[in-house]
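Structure record follows, encoded as structure tokens.
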Amino acid sequence: MVKRRLIRVLLGVVATAVGAVLLILLLLLAPVVSEPNFLARKGELVASEVTAESPLADGRLVEVSLLSSSGLAVELALRIPHHPLPHRPLLVLLGGQETGRAAAEIIPSTYGVVVAALSYPFGTVPHRDGLELTLALGRIQRGILDTPSAVLLALDYLLAHPDLAPQRVELAGISFGAYLAAVPAALDQRVERVWLIHGSGDPAAVLESGLRKRIPSDTLRRGVASLLAAVASAHHLSPEQWVARVAPRPLVVINATDDTALPPEAVRVLHQALVYPYEVLWTPGDHVHPKRPETIHAITRLLFERMEANRLDSSDVH
């Protein structure tokens, strides 16, 4: 009798736990079932505020907060050189997930290009605390879905800014940003060239690779990676689904020759989805990281030299 009662109690606990897990999955997956309306979420710019300003050796750094009629809030940093290039080219930058708008400061030099770096709407990701990370999944999901709209809103602000007046706009996504940058670029024709730097396609494969040390079971690891990719709306945002829509504007993909963060098959997925005009370039060494200044130097030098060469080519035409 006691044994049967104990079994019933244990089965009840298991059923409750399974039900709770299914409810959480339903709550996380429900927002990503339908295609997001990025333009509606962008809304109209209703407020902008300069929250900080500081001098730099080659210019000044201005931090700005934006607010949309949809309620979307965007934080960005503007790095404005003392001596901007003619035609005042503008680079909008989506950096690593933890870097955000600080990417504007990490760049060693902008070579006369105005740089606007955005923070991600999801804020800080608690990587080292499993429970805290689980509780933050909803916020992270909403922030990922809001990122393309945040870029579109930032473009509205930047192109109307009287002190900037850029005659050319380029958009670069670096590392995590490379997974999202193709979406606003495809939606906004004001972006004249797109850079996807140290990114790939197939986010589920990238997540599975990153979980290899934590989850030894291949089946379980693939399942967890696929679930996380679905929660992050990879089926709506993954770059291999958007890069063709950037054409006929040029797109440049830069990957690392010895990238330990991205499996080669995921990089190939992105490369195979490209539509002309595009270029695939390579930087030596490993994946970009703030602790690898030589990689940052190689990327920024390549990026800004190409922007300068494009300006000179355009000047020759006219």
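Filtering the stretch 67-77 to residues that are among the aliphatic types (A, V, I, L, M) and over 13 Å from A116 (Cα atoms) leaves L67, L72, A73. Checked against the criterion of being out of contact with any strand residue (DSSP E or B) (no Cβ under 9 Å at 6 or more places or on another chain), assigned by TED's automatic domain parsing to the domain that holds A117, surrounded by fewer than 19 Cβ atoms within 10 Å (Cβ to Cβ) and of a type in the set (A, V, I, L, M), the candidates A57, A73, A52 yield just one match: A57.
From the list L78, L39, the one residue that fits, being in a helix (DSSP H, G or I), touching a helix residue (DSSP H, G or I) at 6+ places or on another chain (Cβ under 8 Å) and either charged (D, E, K, R) or at pLDDT 80 or above (or both), is L39. In the stretch 63-78, the residues that are more than 17 Å from R142 (Cα to Cα) reach residues that are among the polar types (S, T, N, Q) and assigned to a strand (DSSP E or B) with C-beta atoms within less than 9 angstrom, at least six apart or across chains, in these pairs: E63/T51; E63/S54; V64/S48; V64/T51; S65/S48; S65/T51; L66/S48; L76/S65.
So, A116, is that one at pLDDT below 85, assigned by TED's automatic domain parsing to the domain that holds E305 and either in contact with a Gly (Cβ under 7 Å, 6 or more places away or on another chain) or crowded, with 17+ Cβ neighbours inside 10 Å (or both) or not? No; evaluated as a whole, the condition is false for this residue.
Screening the stretch 234-250 for residues that are small (G, A, S) and surrounded by 21 or more Cβ atoms within 10 Å (Cβ to Cβ) and picking the one that is nearest to G199 (Cα to Cα) gives S238.
Which one of R268, R212, R193, R292 is of a type in the set (D, E, K, R), surrounded by fewer than 16 Cβ atoms within 10 Å (Cβ to Cβ) and modelled with pLDDT of 95 or more? Reasoning before the result, please.
Working: R212 fails: modelled with pLDDT of 95 or more; R193 fails: surrounded by fewer than 16 Cβ atoms within 10 Å (Cβ to Cβ); R292 fails: modelled with pLDDT of 95 or more.
Checking each option against the conditions leaves just R268.
The values are calculated or read from the model by the stated rules, or taken from the named source; none is laboratory data. Owing to the predicted nature of the structure, the values given are computational and were not obtained by experimental measurement. All Cβ positions, glycine included, derive from the backbone under ideal geometry; neighbour counts span all protein chains shown.
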